[in-house]
Amino acid sequence: MDTLEVKIPPAIDAKVDARGLSCPMPIVRTAQAIKTIASGALVEVLATDPGSLKDFTAWCRSTGNELVEQSADGTVYRFVIRRK
Amino acid sequence: MDESINLVLFSGTDDKLQAAAVLTAGAAALGKPVNVFLQYWALDAFRVGRIDRDHGLAPEAGAEGKDHVEALRIAGQASWAETLRQAKELGGVDIQACSLSMDLLGIEQTDLDALVDGVEGVTAFYLNAGEGQLVFI
C-alpha cells in the first residue's frame, strides 16, 4: 500500500522577536529563550541586525544547537534553531 | 569547560563601556565564563545612582561620533548597564571592582551598583582568568 507523505512544518516552541535590536541582543535574547524549551524543541528568531547571519551560524556551531532553517525576507532574517 | 573571557575596564566613557558590555554579553551568550575587572574611571561609572547617567564619549568620537551614538540610542539600543544586566541574567558573568581603584576614588562597596559582585585585587583577577583571553578597554 502506498503511504501518503505529508510534510508538516515543525512546531515552534518559542519565538524571539529581535527586530530592531542591535548586536548582541538578538543572540542574547535567543540564548535566554532556548533555556526555556526542552532539548530537541525549536525556537524561531526574527532579526534585522545585518550581523545576525554570521552570528547565528557561529553561535550554533559553538553552543551545539542546530540551525535548522535560515531565510531572509527583505531586511528581516528568520532563523529556526533546535535546542541541543 | 570553555576558556574564559576576561575584560579589564579602565575607561569610563559610555562608548567604551558600551563596547565592553557588547563583548561581555556576546561571550555570555556563547556560554563562556566572563570575568570583568573594573579599574579607575570605569569603576567610577558603576557608582550607584550614577550608572545610568551620561558619562560622555572618548575624545576621538568628536561631534560627528556623538551624533552617531545618539542615533543608535534613539533607535532603541540598550544602554551598556542594561546590556550588562542581561548578560548577567544569562549567567557566568562575574564583575569585580579593583581594590586599588576603590582606594584611589574613595569608594566603598555600598557605593557601587548591584551589577558589581565584589572587590578583589589584581592577583585574584589573574588567578580567575587562568589561561583565558584578556581584553583591556
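A short reminder: the numbers here are calculations on the coordinates, not readings from a lab. Keep in mind that what you see is a predicted model, and the values were worked out from it rather than measured. When we count neighbours, we look across all protein chains shown, and the Cβ atoms used for this are built from the backbone with ideal geometry, even at glycine.
In terms of overall dimensions, the stretch B:5-136 has a Cα radius of gyration and Dmax of 14.4, 41 angstrom.
Helix content alone sets the calculated 222 nm mean residue ellipticity of chain B: runs of n ≥ 4 DSSP H residues at -39500 (n - 2.57) each, divided across all residues, give -13000 deg cm²/dmol. Neighbours of A:R29 by Cβ distance under 14 Å: Lys/Arg scored +1, Asp/Glu scored -1, total -2.
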